[in-house]
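Mind having a look at this structure? Questions to follow.
The values are calculated or read from the model by the stated rules, or taken from the named source; none is laboratory data. This structure is a prediction, so every number in the text was calculated from the model and none was measured. Note: ideal-geometry Cβ built from the backbone for every residue, glycine included; neighbour counts use all protein chains shown. Keep in mind that these areas ignore ligands, DNA and RNA; they rest on the heavy atoms of the full protein, side chains included. Shrake-Rupley method; radii C 1.70, N 1.55, O 1.52, S 1.80 Å.
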Amino acid sequence: MTDIAREIGRHDADIDNLKPNVQAIRKDLDEIKELLAQTRGGWRVLLAVGMSAGTVGAAFAKLFTWKFGT
């Protein structure tokens, strides 16, 4: 019976040692989630700027070919 109690005590100590590590991992994951949320918004802005530039470029090209007939 003492072997079982010793094993349980060792497992309890191991669990107590792991708790701070789990809390640190959760904190890191929260920071990663926040960074990804910010990055996602940046990609949307970049995509919008690219689409706008493409639209303006296509309009100029169409106007140029219409005006000069090339």
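Restrict the check to the stretch 3-22 and report whether at least one residue is out of contact with any Phe, Trp or Tyr (no Cβ under 6 Å at 6 or more places or on another chain), outside any helix (DSSP H, G or I) and either open to solvent by 90 Å² or more (accessible area, probe 1.4 Å) or at pLDDT below 90 (or both).
Scanning the stretch 3-22, I find no residue that is out of contact with any Phe, Trp or Tyr (no Cβ under 6 Å at 6 or more places or on another chain), outside any helix (DSSP H, G or I) and either open to solvent by 90 Å² or more (accessible area, probe 1.4 Å) or at pLDDT below 90 (or both), so the answer is no.
Right, another one. For the stretch 41-55, enumerate the residues that are open to solvent by less than 80 Å² (accessible area, probe 1.4 Å) and at pLDDT 85 or above.
Hits for the stretch 41-55 are A48, G50, S52, A53, G54.
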